[in-house]
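The values are calculated or read from the model by the stated rules, or taken from the named source; none is laboratory data. Since we're looking at a predicted model, the values are computed, not measured. Positions of Cβ are generated from backbone atoms using ideal geometry, with glycine treated the same way; all protein chains shown enter the neighbour counts. To get the accessible areas, we keep the full protein, side chains included, count just its heavy atoms, and leave off ligands, DNA and RNA. Shrake-Rupley method; radii C 1.70, N 1.55, O 1.52, S 1.80 Å.
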Amino acid sequence: MTVSRDPAAGALSGLRVVDASTLFAGPMAAMHLGDMGADVVKVEHPDRPDPSRNHGAAKDGVNLWWKTLGRNKRTVTANLGSPGGREVFLALAEQADVVIENFRPGTLERWGLGYEELSARNPRLVLARVSGFGQVGPYRTRPGFGTLAEAMSGFAAMTGEPDGPPTLPPFGLADGVASLATAFAVMVALQSRERTGHGQVVDMAIIEPILAMLGPQITRWDQLRTVQPRTGNRSANNAPRNTYRTRDGQWVAVSTSAQSIAERVMRLVGRPELIDEPWFARGADRAAHADVLDDAVGSWIAQRTREEVVTAFEKAQAAVAPIYDAQDIVADPQFQALGTLHEIEDPELGPMLMQGPLFRLSGADGVIRFTGRPHGADTEAVLEELGFSAERVAALREEGSV
């Protein structure tokens with residue numbers, strides 16, 4: 001396990017990010033940047049905090065999702081629709097490198113905070129605009145959530161059992177994918193700024209990144225006029241590929257994307273004669289005989305414990321993985337070796353374990369400096385850094401602007 005370290009170690013130390021987004025793609029993108037050392041300031045409405053603060057499980061009345069999503073972010077409050085809140089936001093943007101927002105298109109403009117106004121104060125600013133459907137088009141003003149992207153991208157249509165309904169993921173998959181795409185887009189825009197000297201607008205539609213992750217479905221439709229059917233845990237491109245129950249009631253997943261791996265699996269489970277079948281030489285042909293292959297693999301696995309199965313597959317150099325829940329992940333030696341899980345001291349709940357940054361760097365590793373902070377906890381400190389006097393901050397509070 002890894003604990004927080006000096007923030008100066010972060011590769012993005014010195015980068016200033018304003019996170020004015022909510023639920024979930026924008027805030028997660030800002031989290032990724034913060035993990036790499038960026039100074040992230042989270043802006044929330046004084047009376048309407050980010051809904052993620054009340055999303056999912058809580059302990060002693062303290063939300064746990066926010067502790068991860070809000071990590072490495074200082075929190076301030078500002079009502080952007082008020083003159084005072086606009087003043088605060090302009091001051092934040094003037095000293096920022098990046099602003100991330102996910103209001104419905106046109107909202108910032110209505111408040112006098114569109115890119116024209118922001119870039120007039122800070123021509124080097126990168127404004128990342130994250131919305132369900134993008135900044136243009138007939139759907140641009142519709143409410144947009146990850147669930148809608150999972151539906152419209154083709155993900156739900158190809159997920160689930162063949163005779164069952166389209167299936168949605170039990171977590172924010174499209175938002176998570178969009179958060180990675182947004183962080184990447186921000187870094188591309190910043191690199192462009194190094195060459196041109198000017199910032200620009202990133203238009204991130206949540207419906208698009210997950211579409212890109214789903215393979216050549218568009219090209220397939222264009223060229224063949226066919227769509228990928230629902231196949232459950234099976235694959236249309238190779239077999240055996242499925243989840244299998246072990247003798248001790250656990251589950252494992254097997255993949256045979258490579259021909260050599262498929263052959264090793266058949267030898268391991270005592271069915272080497274299947275390798276000589278004419279259909280075994282191609283993944284798609286094996287997939288057409290998935291019933292035969294699943295029976296061979298599944299019956300062998302069902303006679304052994306999960307530990308026995310994993311050990312035998314490893315010895316045969318075949319691809320298998322136990323199907324984990326969170327308890328298994330915490331105990332797994334590979335995650336421990338990677339330093340995937342970080343134990344952070346939280347002021348409200350004490351030592352707290354969470355997944356860490358997405359990758360490691362040899363020269364400037366990611367850092368969790370602190371967990372998600374209370375609503376508006378850093379308002380005075382941040383505004384003081386921006387040059388606001390104590391009297392001005394008090395006046396802004398009195399009028400409800402912060």
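Taking the 0 to 90 degree range and rounding to the nearest ten, how far is the long axis of helix 83-94 tilted relative to the main principal axis of the chain, both from C-alpha atoms?
Computed tilt is about 60 degrees.
Label R220 and A253 with points 7 Å out from Cα along Cα→Cβ: what is the distance between them in nm?
Calculated label separation equals 1.8 nm.
Largest first and to the nearest Å, give the Cα extent of the range 276-333 along each principal axis.
Principal extents (largest minus smallest coordinate, Cα): 43, 21, 20 Å.
Where does the chain land at 222 nm, in deg cm²/dmol rounded to the nearest 500, when only DSSP H runs of n ≥ 4 count, each adding -39500 (n - 2.57), divided by all residues?
-11000 deg cm²/dmol
Using per-residue counts of other Cβ atoms within 10 Å, averaged over each peptide, order 215-221, 235-241, 396-402, 257-263 from highest down.
235-241, 396-402, 257-263, 215-221
List, largest first, the extents of the alpha carbons of the range 192-258 along their principal axes, each in whole Å.
62, 36, 24
Considering the chain as a Gaussian network with a 10 Å cut-off on Cα pairs, which listed residue, F89, F145, F171, attains the greatest mean-square fluctuation?
F171
Largest first, what is the accessible-area ranking of H289, H45 with a 1.4 Å probe?
Result of the area sort, largest leading: H289, H45.
With point charges of +1 on the Cβ of Lys and Arg and -1 on the Cβ of Asp and Glu, referenced to the Cα centre of the chain, which listed residue (A364, A394, L180) lies farthest in the positive direction of the dipole?
Positive-end residue among those listed: L180.
So which residue, out of T311, T231, T246, gets the largest mean-square fluctuation from a GNM of the chain using Cα contacts under 10 Å as springs?
Maximum fluctuation in the GNM of the chain, among the listed residues, is at T311.
Please give the peptides 32-44, 147-159, 380-392 ranked by average Cβ packing (other Cβ atoms within 10 Å per residue), highest first, as a rough proxy for protection.
Most protected by this proxy first, the peptides run 32-44, 147-159, 380-392.
Spin-label point model (7 Å from Cα, Cβ direction): what's the E384 to L180 distance in nm?
My value for the distance between the label points is 4.1 nm.
What do you get for GluC sites (Glu not before Pro) in the range 266-334 restricted to DSSP loop and a cutoff of at most 10 other Cβ within 10 Å of the site's Cβ?
Of the GluC sites (Glu not before Pro), not one in the loops of the range 266-334 has a Cβ with at most 10 other Cβ atoms within 10 Å.
Assuming a viscosity of 0.692 mPa s and a temperature of 37 °C, what translational diffusion coefficient in µm² per second does Stokes-Einstein assign to the range 290-402, Rh being the Kirkwood radius over Cα pairs?
My calculation gives 167 µm²/s for D.
Using a 7 Å offset from the Cα along the Cα-to-Cβ direction at both R142 and I275, what is the distance between the two label points in nm, to one decimal?
Result for the modelled spin labels: 5.1 nm.
Give me the three principal axis extents of the range 235-365 from the C-alpha atoms, as integers in angstrom, largest value leading.
Largest first, the range 235-365 extends 62, 36, 25 Å along its Cα principal axes.
Could you work out which residue, out of T22, T371, T107, moves most in a Gaussian network model of the chain, that is, has the largest mean-square fluctuation with Cα springs under 10 Å?
It is T107.
Dipole of the range 16-163, Cα-centred, from +1 at each Lys and Arg C-beta and -1 at each Asp and Glu C-beta, to the nearest 20 debye?
240
Give me the base-10 log of I(q)/I(0) for the chain at each q in 0.06, 0.09, 0.10 Å⁻¹, Debye formula, one uniform scatterer per Cα, rounded to two decimals.
So the normalised log intensities work out to -0.32, -0.67, -0.80.
Just in the range 293-386: which trypsin sites (Lys or Arg not before Pro) are loop by DSSP and have at most 15 other Cβ atoms within 10 Å?
Qualifying residues, ordered by number: R360.
Assign unit charges at the C-beta atoms only (+1 for Lys and Arg, -1 for Asp and Glu), then state the dipole size of the chain relative to its Cα centre in Debye, rounded to the nearest 20.
720
Carbon-plus-sulfur fraction of the accessible area of the range 90-180, 1.4 Å probe, in percent?
59
At 1.4 Å probe radius, can you tell me the per residue accessible area of the chain in Å²?
Heavy-atom SASA per residue in the chain reads 49 Å².
Ranked from the most accessible area to the least, with a 1.4 Å probe and all protein chains present, what is the order of D248, D276?
Sorted descending by solvent-accessible area, the residues read D276, D248.
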